[in-house]
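K.L.:
Pasting a structure below so you can have a look.
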Amino acid sequence: MFVKGDRADRAQAVSLRREAAVAPHLPAAAPRLLWQLEAGGWLLTGWEAAAARHADYGAPHNLFLTRRAMQRVQDVLVPPEATVLSAVEQWGPYADEGAGELFDGPVLLHTVWAPGDVLLAGRQVHVVDWAWPTRGAGWIALYLSALRLMEAGHTAASAVEWALKVPSWRDGDATAIRAFGAAVARERQRIATRAAVRGSCMRPSRPPSYASTWRFTLERRDAGGSAIGTCQ
Ligand SMILES: Nc1ncnc2c1ncn2[C@@H]1O[C@H](COP(=O)(O)OP(=O)(O)O)[C@@H](O)[C@H]1O
Ligand SMILES: [Mg+2]
């Protein structure tokens, strides 16, 4: 069993509550929630433990397994009874006027895809950390995970090549994806600026520049340029 907990009165406990609330709706790749309790000022959640290691986004076979898991996870839609934030609410405020509606969709999205959230045991993939579940278009998860690949050292071109094999991305509306790129770049700029103001240790320049580079790649692709190998 794997136990996650936090002081019940800390702001971060909210994400633990969100994760527990969405647990009944999660795809098969996610460990099951076994129990949750609040006692002595603590909030604890007990999950099936995955005996696995973190994905390495630099390793081709890990990338293959991650993408296959992502594709399966994308089959899960948000049931009507689940209350999760929508992508329109989350990224709409950063989008160009009226463009936020383009992020709408029925898929239950994992919006983090950090390598530590993708646990590999042989060919089996466990996807943990559903603290930011979001309802939206399937390609959003691809976009966000491609940014993770770039953080792991991939070029934008190689991240595009990886993402293009997933139908939701390949067939996604290019206008919507471009609008999302603009929104994410703004969101990350805002987060980085706030972090810099607070004097936090987050590297302020990196997240916005990844988002901008990726957006640049998409624009090349829309303009008829090759998405592969020419944009960095
Ligand atoms: N069910 C689980 N089984 C095994 N290890 C887990 C499980 N859930 C989380 N972990 C481990 O704990 C780490 C942190 O958990 P996570 O849910 O990603 O929270 P956060 O990233 O917010 O700290 C993961 O990267 C993983 O190594
Ligand atoms: Mg995590």
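K.L.:
Do any GluC sites (Glu not before Pro) in the range 67-170 lie in a DSSP loop with no more than 13 other beta carbon atoms within 10 Å, and if so, which?
P.N.:
When the GluC sites (Glu not before Pro) of the range 67-170 are filtered for loop state and at most 13 Cβ neighbours within 10 Å, 81, 97 remain.
K.L.:
Considering only the other residues whose Cβ falls under 10 Å of the Cβ of residue 176, what net charge follows from Lys and Arg at +1 and Asp and Glu at -1?
P.N.:
-2
K.L.:
Quick check on the range 110-190: what are the equivalent-ellipsoid semi-axes from the Cα gyration tensor, as sqrt(5λ), descending, whole Å?
P.N.:
Square roots of five times the eigenvalues give 21, 15, 14 Å.
K.L.:
When N is the residue count of the range 8-126, what does its C-alpha Rg come to as a fraction of 2.2 N^0.38 Å?
P.N.:
Its radius of gyration relative to the 2.2 N^0.38 Å reference: 1.21.
K.L.:
Next question, about the same structure. By how many degrees, between 0 and 90 and to the nearest 10, does the Cα long axis of helix 174-198 differ from the longest principal axis of the chain?
P.N.:
Roughly 60 degrees between the two axes.
K.L.:
Rounded, prolate or oblate: which fits the chain when a ≥ b ≥ c are the square roots of the eigenvalues of the alpha-carbon gyration tensor, with rounded for a/c under 1.5 and prolate only if a/b beats b/c?
P.N.:
Because a/c hits 1.5 or more and a/b exceeds b/c, the chain counts as prolate.
K.L.:
Remind me, relative contact order of the chain in percent, using alpha carbon pairs under 8 angstrom and six or more residues apart?
P.N.:
18 percent
K.L.:
Let me ask something else about it. Could you give the angle, 0 to 90 degrees to the nearest 10, between helix 139-151's Cα long axis and the longest principal axis of the Cα atoms of the chain?
P.N.:
For helix 139-151, the angle is close to 80 degrees.
K.L.:
Going through the range 53-158, which trypsin sites (Lys or Arg not before Pro) have at most 15 other Cβ atoms within 10 Å and a DSSP loop state?
P.N.:
Hits after loop and neighbour filter: 123.
Every number here is computed from the coordinates shown, using simple stated rules; none is lab data. Since we're looking at a predicted model, the values are computed, not measured. Methodologically, a virtual Cβ is constructed for each residue, glycine included, from the backbone with ideal geometry; neighbour enumeration extends over all protein chains shown.
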